[in-house]
Amino acid sequence: MSNPERIVALAEKVSTVTTAKMNTIHQITGSVRMLALNALIEANRAGQHGKGFAVVATEVKSISQAITDVAKELEQELAGSARDLSLLGRGLVEHVRGTRLADLSLNMIEIIDRNLYERSCDVRWWATDAAVVDAITTPTPATARRATERLGVILSSYTVYLDLWVIDAKGSVIANGRPDRYPQAVGRSVPQGEIFRRAMNTQDGGDFVVGDIRTYDALGGAQAAVYATAIRERGDTDGAPVGVLAIFFDWQPQAEAVVKGVRLSDEERANSRCLLLDSNGRVIAASDGQGVLTETLRLDTGGADRGHIAAEDGTVTGFALTPGYETYAGLGWYGVIVQSVPQ
């Protein structure tokens, strides 16, 4: 148990003990007053012989009332202090818990950023490969076959990709790295695709584009993050765009490894949901596997890049906006952990 949680537990214990002891005092003083009253009655019956006893009974009654008054004051003071202490402790618990969840959320999104930074480097590098450039600038069965072989070699080393496509200037896929697994790719026409158009309009070889996470029929319905850039004449950075290289990052297993790998205790894990959200708040990865690509979570961040949100039911949501990595500015995504109160 953390120190703030111990404060809450102690405050609740003090409140419980105080209430119990005060009830006991009230019961005792009530009994004493009843005895004093009975004593006065008996003293009155005794007449002259009971006067002395009546004085004692009256004094006992007075002392009993004084004890009751002091007990009430003590009860009010202790109850208020215990309540304040409990509120303070709960505030500290929320702050510590929220800060930790925000830090873990940042760690999640940083892992994704570093991973996707590498994807942005890969696509720009491979677009300059001689076999890829030749397949576009000298389109023959032989150059297409050579590009296919070359892409296959790349994929054998980079297992995080589903496929790599070489697309000519007209928007037709002329080669892919896994023709055995995805035979429907070659010949596919994508001239109106947003990624294709944006890639053809990149400024130079150092530029790239990326699309939203979605499923692709041509890849067996798999979830993918697509990175693309223009293939340029001679593979030069400032060469004219003559085609597009699109690489399909195998999103689902990579993202699940991140959201399920957050360092939570077993108890926390049972009450937590680790998420990755895109810039529109759409769930693109979830540790419980629920709502991926269908659920939208709106965060009231108050303009903060990192922080936490506490709900009235005790649920705390930690969040962190993508900070980017190196030359990768990030896509406005969030790492989020929603943690409920253990039942």
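The values are calculated or read from the model by the stated rules, or taken from the named source; none is laboratory data. Computed from a prediction, not measured in an experiment: that's the story for all the values here. Glycine gets a Cβ as well: all are built from the backbone with ideal geometry, and neighbour counts include every protein chain shown.
Residue-level analysis places Gly152 outside the set of residues that are more than 35 Å from the chain's Cα centre (by Cα) and at positive phi.
Applying the criterion of being among the hydroxyl-bearing types (Ser, Thr, Tyr) and assigned to a loop (DSSP other than H, G, I, E, B) to the residues of segment 261-298, the residue that is farthest from the chain's Cα centre (by Cα) is Thr294.
Please determine, by comparing only the residues of segment 263-283 that are acidic (Asp, Glu) and surrounded by 12 or more Cβ atoms within 10 Å (Cβ to Cβ), which one is farthest from Gly211 (Cα to Cα).
Step one: of segment 263-283, the residues acidic (Asp, Glu) are 266-268, 278.
Pick out the ones that are also surrounded by 12 or more Cβ atoms within 10 Å (Cβ to Cβ) and you get 268, 278.
Numbers: Glu268: 33, Asp278: 11 Å.
Step by step, filter segment 263-283, then rank; the result is Glu268.
Just one residue in the set Ala228, Ala175 is closer than 30 Å to Gly332 by Cβ and either in contact (Cβ under 8 Å) with a residue 24 or more places away in the chain or not in a loop (DSSP other than H, G, I, E, B) (or both); that residue is Ala228. One residue stands out in segment 309-329 among those that are surrounded by 14 or more Cβ atoms within 10 Å (Cβ to Cβ) and among the small types (Gly, Ala, Ser): the one that is nearest to Val210 (Cα to Cα), namely Gly324.
Just to check your reading of the model, which residue among Gly206, Gly187 is surrounded by fewer than 19 Cβ atoms within 10 Å (Cβ to Cβ) and at positive phi?
Working: Gly206 fails: at positive phi.
Only one candidate qualifies: Gly187.
Being of a type in the set (Val, Ile, Thr) and at pLDDT 95 or above is the filter here, so list the residues in segment 227-240 that pass it. Can you show your working first?
Just the residues of segment 227-240 that are of a type in the set (Val, Ile, Thr), to begin with: 229, 231, 237.
If the condition is that a residue be of a type in the set (Val, Ile, Thr) and at pLDDT 95 or above, then Thr229, Ile231 are the ones that fit.
Whether a residue is over 30 Å from Ala304 (Cβ atoms), in contact (Cβ under 8 Å) with a residue 40 or more places away in the chain and in a helix (DSSP H, G or I) was assessed, and Ala135 passes this test.
Output the residues belonging to segment 284-308 that are under 12 Å from Ile337 (Cα atoms) and crowded, with 19+ Cβ neighbours inside 10 Å. Across segment 284-308, the qualifying residues are Ala285, Ala286, Ser287, Gly307, His308.
Any residue at all in segment 156-164 that is in the same structural domain as Tyr227 (by TED's automatic domain parsing), of a type outside the set (A, V, I, L, M, F, W, C) and assigned to a helix (DSSP H, G or I)? Yes, some residue in segment 156-164 is in the same structural domain as Tyr227 (by TED's automatic domain parsing), of a type outside the set (A, V, I, L, M, F, W, C) and assigned to a helix (DSSP H, G or I).
If you check Tyr182 against the conditions, is it at pLDDT 95 or above, buried (at least 20 other Cβ atoms within 10 Å of the Cβ) and assigned to a loop (DSSP other than H, G, I, E, B)?
Numbers: at pLDDT 95 or above: yes; buried (at least 20 other Cβ atoms within 10 Å of the Cβ): yes; assigned to a loop (DSSP other than H, G, I, E, B): yes.
The answer is yes for Tyr182.
Residues in segment 115-132 that are in a helix (DSSP H, G or I) and not aromatic (Phe, Trp, Tyr): Asn115, Leu116, Glu118, Arg119, Ser120, Cys121, Asp122, Val123, Arg124, Ala130, Ala131, Val132. Assigned to a strand (DSSP E or B) and over 16 Å from Arg124 (Cα atoms): is that true of Gln254 in this structure? Taking the combined requirement at face value, the residue does not satisfy it.
Taking the criterion of being in contact (Cβ under 8 Å) with a residue 24 or more places away in the chain, of a type outside the set (Phe, Trp, Tyr) and outside any helix (DSSP H, G or I), the residues of segment 208-218 that qualify are Val210, Asp212, Ile213, Arg214, Thr215. Quick check on segment 145-159. Is at least one of its residues of a type in the set (A, V, I, L, M) and touching a residue at least 40 places away in the same chain (Cβ under 8 Å)? Looking for residues that are of a type in the set (A, V, I, L, M) and touching a residue at least 40 places away in the same chain (Cβ under 8 Å), one finds none in segment 145-159, hence no.
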